[in-house]
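Here the structure is laid out as structure tokens; the discussion comes afterwards.
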Amino acid sequence: MVCVSEFTGTAILMCVGCASMVGITLPFYERNLPMIGIGFGLAVHISVHTFGTISGSHINPSVTIAAVMLGNMEWQLACFYVFSQFLGGFTGYALLFVSLTKYVRTESFCTTKPALGIEIWQSILIEFFLTSILAYFCCGVWDKRNLQVHDTLPLRFGFLIAGLLFAAVNLRTINCIQAFKEIFCNRHLIPAPA
């Protein structure tokens, strides 16, 4: 059941989150970072609220790895989590991709490319920093002293993701599944749906 939860939660993250980016691929549309941050934040909110009590709703391999490092999860179960997250991420992206028109389905749709002027090493540094903040937040959530403050947890996770994406000046995400989606689908290792 936890694998289905991680699969579905990550599919929601990719489908709803990437749907918030649909407009920026159109030539007449202005880049709207707040809309993208809110879209991904709402996707995380939906996933954490719906699946948090089933699997913890990690929906990010980095969060799962942090749970293993803290001793909150066995590495064998973590392997199933990560596999389910990757499969769910690809499925969520594919469902959204096939439902879009050809004007939106471009190679740059929902990709993780650095903005102009940002070097690759800077992009990796920003990605590492933002992912570290997410992992640090999760460590605080998992602390036994914070058990009494879980009532607004889905909202806090949603606001955290929206805030981290506002900080992401290079429009990268803090979910490596999106980066792997670009490698496999946009680099034609797996044919993207026509």
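The values are calculated or read from the model by the stated rules, or taken from the named source; none is laboratory data. In this text, all values refer to a predicted model and were calculated from it rather than measured experimentally. Every residue, glycine among them, receives a Cβ derived from its backbone with ideal geometry; neighbour counts consider all protein chains shown. When the accessible area is computed, the model is the full protein with side chains, heavy atoms only, and any ligands, DNA or RNA have been set aside. Shrake-Rupley method; radii C 1.70, N 1.55, O 1.52, S 1.80 Å.
The residues of the range 54-81 that are under 11 Å from VAL2 (Cα atoms) and assigned to a helix (DSSP H, G or I), listed by number, are ILE54, SER55, LEU77, ALA78, PHE80, TYR81.
Could you tell me which of the residues LEU171, LEU125, LEU134, LEU165 is among the hydrophobic types (A, V, I, L, M, F, W, C), in contact with a helix residue (DSSP H, G or I) (Cβ under 8 Å, 6 or more places away or on another chain) and at pLDDT 80 or above? If you could, list the steps in order and put the result at the bottom.
On the way: LEU171 fails: at pLDDT 80 or above; LEU125 fails: in contact with a helix residue (DSSP H, G or I) (Cβ under 8 Å, 6 or more places away or on another chain); LEU165 fails: at pLDDT 80 or above.
Answer to the check: LEU134.
Modelled with pLDDT under 55 and among the small types (Gly, Ala, Ser): is that true of ALA179 in this structure? In short, no.
The single condition among (1) in contact with a helix residue (DSSP H, G or I) (Cβ under 6 Å, 6 or more places away or on another chain); (2) among the aliphatic types (A, V, I, L, M); (3) modelled with pLDDT of 90 or more that ILE65 does not satisfy is (1).
Of all residue pairs spaced 6 or more apart or on separate chains, none has beta-carbon atoms under 6 Å together with a first member in the range 112-128 that is among the charged types (D, E, K, R) and a second member that is at pLDDT 80 or above and crowded, with 16+ Cβ neighbours inside 10 Å. Residues in the range 40-96 that are among the β-branched types (Val, Ile, Thr) and open to solvent by less than 20 Å² (accessible area, probe 1.4 Å): VAL44, VAL48, ILE59, VAL63, THR64.
Out of GLY41, GLY23, report the one residue that is assigned to a helix (DSSP H, G or I) and at pLDDT below 85.
Numbers: GLY41 fails: at pLDDT below 85.
Just one listed residue meets the conditions, GLY23.
Do we find that SER123 is open to solvent by less than 10 Å² (accessible area, probe 1.4 Å) and under 23 Å from CYS139 (Cβ atoms) in this structure? Break it down into steps so the answer makes sense when it comes.
Working: open to solvent by less than 10 Å² (accessible area, probe 1.4 Å): yes; under 23 Å from CYS139 (Cβ atoms): no.
So SER123 fails the test.
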